[in-house]
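Written below as structure tokens is the structure these notes are about.
The values are calculated or read from the model by the stated rules, or taken from the named source; none is laboratory data. Everything numeric here is computed off the predicted structure, so don't read it as measured data. A quick note on method: Cβ atoms are made from the backbone with ideal geometry, for glycine too, and the neighbour counts reach across all protein chains shown.
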Amino acid sequence: MKNLFICVLAFCVWAAPVYANAQTPSTEGAPPAESALRSDAGVPLERLVAMIARKTGKIFVLDPRVHANVVLVGQDPAATTWPQFLTVLETYGFVAVEVTGFVRIVPDTMVRQQPIATITSKDTRAASEYVTQVIPLKYISAAQLVPVLRPMLPQQAHLAAVTSANALLIVDRFANVRRIEALVKSLDTPENKPRDVEAKKEPQ
């Protein structure tokens, strides 16, 4: 009887850890942690593009070099609007260009070779959309302004003087084009007219 009691006790001691392990829930096959599903954990850019495509009905073509893990803090990626999407692309070094029914997403280093829209001072676009604009000047020399304004543009943007028309040709995001245009307007005044221009107009 004593030997039977010892055998039963030994069995209980051996079985206790096995039972405890069986009660511990396994993490295999469990759903991802909440932090992994949050937008601040990162969303592949391709997935964000797919969401925007469904919302806007636009057709996207991604350059093979376009890859990023987009981090959005405080907003569901599915709630991203078109202007916000363009800002996301700007942040990660890409640009969207609409051509013949497609939206091409390419590195922003290629933007000067893309057929982006040409606008006037009356047009309105999304702040992060790339545009081209010609800014005419009346008093000050366009060539004189280029070295002053060029540091205010990102490397991939373009600014040149059209000397024959005394105008500036600029390629940049809409918000910065408007900023440059406002600066040009404040500088293009009679007080800043080059003296040699005034001298040429004086009667001999």
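Summary table
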{"quantity": "Residue within region 72-95 that is surrounded by 10 or more Cβ atoms within 10 Å (Cβ to Cβ), modelled with pLDDT of 95 or more and in a strand (DSSP E or B) present", "calculated": "yes"}
{"quantity": "Qualifying residue in region 100-118 (condition: at positive phi and not aliphatic (A, V, I, L, M))", "calculated": "yes"}
{"quantity": "Region 103-117, residues that are of a type outside the set (D, E, K, R) and either at pLDDT below 95 or within 16 Å of Pro154 (Cβ to Cβ) (or both)", "calculated": "Val106, Pro107, Thr109, Met110, Val111, Gln113, Gln114, Pro115, Ile116, Ala117"}
{"quantity": "First in region 62-88 and among the polar types (S, T, N, Q), second anywhere and part of a strand (DSSP E or B) and loosely packed, with under 15 Cβ neighbours inside 10 Å, Cβ under 8 Å, 6 or more apart", "calculated": "Asn69/Pro44"}
{"quantity": "Residue match in region 68-80 (condition: of a type in the set (Gly, Ala, Ser) and in the same structural domain as Arg173 (by TED's automatic domain parsing))", "calculated": "no"}
{"quantity": "The one condition in (1) within 30 Å of Lys58 (Cα to Cα); (2) in contact with a strand residue (DSSP E or B) (Cβ under 9 Å, 6 or more places away or on another chain) that Gln155 fails to fulfil", "calculated": "(2)"}
{"quantity": "Pair list, Cβ under 7 Å, 6 or more apart: region 178-203 residue within 12 Å of Tyr139 (Cβ to Cβ), other residue at pLDDT 75 or above and part of a helix (DSSP H, G or I)", "calculated": "Val184/Leu145; Leu187/Leu145"}
